[in-house]
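Since every read-out is calculated from the coordinates, none of them should be taken as a lab result. All of these numbers come straight from a predicted model, not from anything done at the bench. Here the Cβ positions follow ideal geometry from the backbone for every residue, glycine too, while neighbour counts run over all protein chains shown.
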Amino acid sequence: MPRTLEVVAAEASTCTRCNLAEQGRTQVVFGSGDPAADLLFIGEGPGAEEDRRGLPFVGRSGKLLDRLLAEELGMDRSQCYIANVVKCRPPGNRDPRPDEIAACRPWLAEQLELIRPRVLISLGRFAAQWLLETNEGITKLRGRSYPYGDAVLIPTLHPAAALRGGGAPLAQMRADFVRAKQVLAGGEG
Ligand code: URA
C-alpha cells in the first residue's frame, strides 16, 4: 500500500527525532493544503502562532504570503500546499540547527515525493539551501529558476524579510511569484 500524506502526517505528529520535541513545542506542524497541488511552498519552521494552531504560515508572515498568493498568482492557500523545513518550533524563533534540519529531512522528502508539485517556491535561505544542497545565501540564489527533478524550483525571500525590509524585498518576492505563475501556465521559468 502506498503511503498517503495523511498517514505520514499522523506518524510525524509523534516525532521525537530531534530535541525540538522536548524544547517546548506544542505540536508538530506538518503542513497544509491540497495534497495534489501543482504548487508547493517550503518555509523555514513554525513560529509561535503556527505552533499554537498546528498550521504553517498563519502569523504575520503567513498573512503576507496569502496576500502575495492572491495578488500575483490569483490563488488561495487551499489551492497549493505549504510546508516547512523543520516541523517543530525552534524555541524563541531561533534558526533551526543543522542536526534538527537533518533529523527532519525524511518528512519533507516524503512530502515532496507524495505531492509531486510542478513548481516549488522556497521561502528564505533554509529552504533554498535544503533543496539545492548549498550554503550559498538567498540573495545570490533567488532571481532565477532551477530544475528540481520533474519540477521547477523558484527560490524567493522569506516573507519576514519583506516585513522587515519593505519595498525592495517585497518587489523581489513579487517578481519571483510572477515567475512561478509563468511556469505554472506552461511557460519558461
Ligand atoms: N515562518 C516559517 O518559515 N514558517 C512558518 O510556518 C511560519 C513562519
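Taking each DSSP H run with n ≥ 4 as -39500 (n - 2.57) and averaging over every residue of the chain yields -13000 deg cm²/dmol at 222 nm. Which shape class applies to the range 101-184: rounded if a/c is under 1.5, otherwise prolate when a/b exceeds b/c and oblate if not, where a ≥ b ≥ c are the square roots of the Cα gyration tensor eigenvalues? Here the range 101-184 falls in the oblate category. Placing unit charges on each Cβ (+1 for Lys and Arg, -1 for Asp and Glu) gives the range 47-189 a dipole about its Cα centre, and among 165, 102, 177 the Cα reaching farthest toward its positive end belongs to 165.
Charge tally around residue 63: other residues with Cβ under 12 Å, Lys/Arg +1 each, Asp/Glu -1 each, net +1. Screening the chain for whole DSSP H helices with an alpha carbon extent of at least 27 angstrom along the helix axis and a mean Kyte-Doolittle hydropathy of at least 0.5 yields nothing. When 8, 29 are sorted by how many other C-beta atoms sit within 10 angstrom of their C-beta, beginning with the fewest, the order is 8, 29. Bridges between two residues of the range 5-184, per DSSP, are antiparallel at a rate of about 30%. What you get for the chain, charging only the Cβ of Lys and Arg (+1) and of Asp and Glu (-1), is a dipole of about 460 debye around the Cα centre.
Note on 13, 122, 61, 32: ascending count of other Cβ atoms within 10 Å places them as 13, 32, 61, 122, the fewest first.
Given in Å, the Rg to one decimal and the Dmax to the nearest whole number for the Cα atoms of the range 5-184 are 14.9, 43.
Answer rounded, prolate or oblate for the range 1-45, using the Cα gyration tensor with square roots of eigenvalues a ≥ b ≥ c: rounded when a/c is under 1.5, else prolate when a/b is larger than b/c, else oblate. Here the range 1-45 falls in the oblate category. By other beta-carbon atoms within 10 Å, ranking 150, 176, 99 with the fewest at the front produces 150, 99, 176.
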